[in-house]
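Just so it is clear, none of the values below were taken in a lab; they were calculated from the coordinates. As the structure is a prediction and not an experimental result, all values here were calculated from the model. Because the Cβ atoms are built from the backbone with ideal geometry, glycine has one as well, and the counts that use them run over all protein chains shown.
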Amino acid sequence: MSYRVDIDETLCNGYGNCVVAAPEVFDLDAESNIAVVLPGHPVENDGPALREAATDCPVRAIVLSET
Amino acid sequence: MVVVGASVAGVRVVQALRSSGHDSPVVLVDRENGAPYDKPALSKEVLTSPGTDPSVLLDDAGLRDLDVDLRVGTTITGIAPATRQLESSDGERIAFGALVVATGSAPRRIPLLDAFTGVHYLRTRADAEAIRAAFAQRPRVVVVGGGFVGLEVASSARSLGLEVTVVEAAHRPAGRVLPAAVADHLAALHREHSVRLLCGRTVVGGLGSTRIEGLELDDGTRLPADLVVVGIGTAPVTDWLGGGVPTTGDGVHCDPGLAVHGLSRTWAVGDVAAWPDAETGHPRRTEHWTTAREQAAYVAKVIAGGQVSEPFRTTGYVWSDQHGTRIQHVGRAGPGTVTRSEPTDTGRLFVHCRGDEVTGATAFDAPRELLAVRRLLTTGNREVAR
């Protein structure tokens with residue numbers, strides 16, 4: 001399953017759980033400290049890691065939509 | 001399978017089981033009514049913003065997806081290990097195959113203050129709503145206990161412009177988790193935001209007749225108060241397990257894989273679990289959101305029959321938001337560790353070391369730097385695990 005990933009920047013507080021859950025997909029932006037999706041992602045087989053990251057977010061800032 | 005407790009740990013067990021393809025019937029029981037909800041916001045946004053509810057962990061659609069039999073408003077009062085049945089408050093018996101104990105913890109109380117109104121504890125949505133309603137009367141607030149919950153309540157009250165005093169028995173706030181240098185930094189943050197912080201003081205009595213009017217401290221100080229919020233720690237909820245399962249004041253005794261001693265196919269997750277730490281061997285119990293989720297994922301894997309040969313490990317990641325400052329802590333600090341402090345582009349990072357080895361870190365508005373240490377500790381753990 002492939003997804004579109006949206007990060008609600010008003011909610012994200014830089015907890016970093018998404019980066020730990022899916023290090024290949026997420027990082028924290030160097031200036032804003034907000035989660036960002038790394039270039040080239042998401043790809044098709046990021047699915048399980050994305051779902052993990054989304055539920056691991058304490059403020060539910062990661063919104064996945066199936067594409 | 002039966003999961004007792006539908007907070008973040010219990011719900012996560014069910015979610016992780018289902019995503020691993022485990023499709024046997026699951027009963028999820030919780031003593032509270034309504035949809036299971038997440039607790040971190042209770043000491044923060046829910047207190048400061050009328051109309052803000054804690055986020056729901058499992059809505060109707062989620063329930064259907066998970067195909068779980070959720071029984072809210074149901075307190076488990078006892079357990080019959082021989083017949084593998086739970087007894088509920090409404091007289092029902094619930095048979096279990098696998099059992100997950102996720103009953104969490106309850107606030108420790110100050111019996112001296114039990115006779116007064118205006119004294120609050122914070123654990124549930126109802127508790128938070130009651131404090132929020134009391135805040136609207138513009139009370140002078142005294143928080144007893146300078147742990148993370150108490151400090152977050154103090155921060156929330158200050159953000160509403162309320163007068164706040166925190167009474168902490170130890171010499172520094174949050175000293176159970178944070179080393180002295182960090183706790184001092186945190187204390188300074190609170191003082192900058194006009195929180196009156198009284199450390200090394202304990203409450204010896206309440207003032208007033210029925211409604212609380214103040215607190216008397218051990219040095220004779222009489223502290224006026226219209227609202228008292230007590231946050232002096234929690235005790236795991238284990239009474240329902242009776243004598244069949246070894247518990248202490250510090251939780252349900254588990255093996256290094258979170259399996260409960262004395263009951264087959266039973267595991268504990270979240271605040272209630274006391275397990276021997278994989279690194280130190282010492283019993284450990286945490287009250288952390290992220291650790292609860294890690295425990296839940298671990299146990300789900302075991303129940304689903306996955307190959308889990310490694311003991312449970314956690315980096316012990318915790319966060320807190322106080323006075324608009326993002327506070328994050330990971331790993332350990334304490335006797336035997338040295339803390340050094342460094343400014344970062346956006347804040348400050350405290351790194352805890354034993355010799356050359358980094359054992360943990362605490363960040364104030366420095367999420368990227370904290371994340372780097374967290375990744376290091378996670379990788380370190382993985383290496384050890386291999």
Once phi for every residue in the stretch B:90-95 is put through the Karplus expression 6.51 cos²θ - 1.76 cosθ + 1.60 (θ = phi - 60°), the whole-Hz ³J(HN,Hα) values, with Gly and Pro written as x, are 8, x, 7, 10, 10, 6
Binned at 5 Å starting from 0, the alpha-carbon pair-distance distribution of the stretch B:185-281 in whole percents comes out as 2, 11, 14, 13, 10, 9, 11, 13, 11, 6, 1
Whole-Å distance linking the alpha carbon centroid of the stretch B:61-135 with that of the stretch A:16-67 is 33 Å
Chain B, convex hull of Cα, quarter of hull surface, nm² -> 20.0 nm²
Note on the protein assembly as shown, DSSP bridge orientation, antiparallel percent to nearest 5 equals 65 percent
With the 8 Å Cα cutoff and a minimum separation of six or more residues, the stretch B:124-244 has a relative contact order in percent of 28 percent
Candidate span helices, chain B: DSSP H, at least 24 Å along axis from Cα coords, Kyte-Doolittle average at least -0.5, result B:367-385
The relative contact order of chain B, taking Cα pairs under 8 Å that sit 6 or more residues apart, comes to a percentage of 15 percent
If amide H atoms are modeled at 1.01 Å from N in the peptide plane, then the residues at a separation of 5 or more from residue B:326, or on another chain, having amide H under 5 Å from its own are B:365
Distribution output for the protein assembly as shown: share of Cα-Cα pairs per 10 Å bin in percent, first bin at 0, values 4, 20, 30, 28, 15, 3, 0
Nearest-0.05 FRET efficiency for residue B:49 and residue B:196 at R0 = 30 Å, using Cβ-Cβ distance, is 0.75
Computed over the stretch B:234-386, the distribution of all Cα-Cα distances in 10 Å bins, rounded to whole %, is 11, 35, 32, 18, 4, 0
Simple spin-label estimate for residue B:56/residue B:115, 7 Å along Cα→Cβ, in nm, reads 4.4 nm
Cα-based Rg then Dmax for the stretch B:263-324, in Å, read 13.2, 46
For peptide A:3-15, the mean count of other chain Cβ atoms within 10 Å per residue Cβ is 2
Here D for the stretch B:159-213, in µm²/s, from Stokes-Einstein with a Kirkwood Rh over Cα pairs at 4 °C and 1.567 mPa s, works out to 102 µm²/s
Across all Cα atoms of the stretch B:1-79, Rg and the largest Cα-Cα distance (Dmax), in Å, are 13.6, 42
Over chain B, the sum of -39500 (n - 2.57) across DSSP H runs of at least four, divided by residue number and rounded to 500 deg cm²/dmol, gives at 222 nm -7500 deg cm²/dmol
Taking 0.36 nm per residue of separation between residue B:207 and residue B:235 and subtracting their Cα-Cα distance, the length gained on full extension comes to 7.4 nm
Expected vector for the stretch B:62-79, Karplus 3J(HN,Hα) from phi with 6.51, -1.76, 1.60 and θ = phi - 60°, integer Hz, x for Gly and Pro, equals x, 4, 5, 4, 7, 6, 10, 8, 8, 10, 8, x, 10, 9, 7, 9, x, 9
With Cα coordinates, the longest principal axis of chain A makes an angle with the long axis of helix A:47-56, in degrees rounded to 10, of 30 degrees
Residues whose built amide H sits under 5 Å from the amide H of residue B:268, excluding neighbours closer than 5 in sequence, are B:101, B:260
Computed over all unlike Cα pairs, the Kirkwood hydrodynamic radius of the stretch B:91-238 in Å stands at 16.3 Å
Taking 0.36 nm per residue of separation between residue B:77 and residue B:138 and subtracting their Cα-Cα distance, the length gained on full extension comes to 18.0 nm
Of the convex hull enclosing the alpha-carbon atoms of the stretch B:43-138, the direction-averaged projected area in nm² is 9.4 nm²
Taking r as the C-beta separation of residue B:248 and residue A:4 and R0 as 51 Å, the FRET efficiency to the nearest 0.05 is 0.55
Amide H proximity to residue A:26 below 5 Å, modelled H, separation 5+ or other chain, gives A:38
Here the relative contact order (percent) of chain A, from C-alpha pairs under 8 Å and at least 6 apart, is 49 percent
For peptide A:17-26, the mean count of other chain Cβ atoms within 10 Å per residue Cβ is 3
Computed Rg/Rh for chain A (Cα atoms; Rh = Kirkwood radius) stands at 0.92
Compactness check, the stretch B:316-357: C-alpha Rg relative to the 2.2 N^0.38 Å globular estimate gives 1.28
If R0 = 51 Å, then residue B:95 and residue A:11, at their Cβ-Cβ distance, give a FRET efficiency to the nearest 0.05 of 0.80
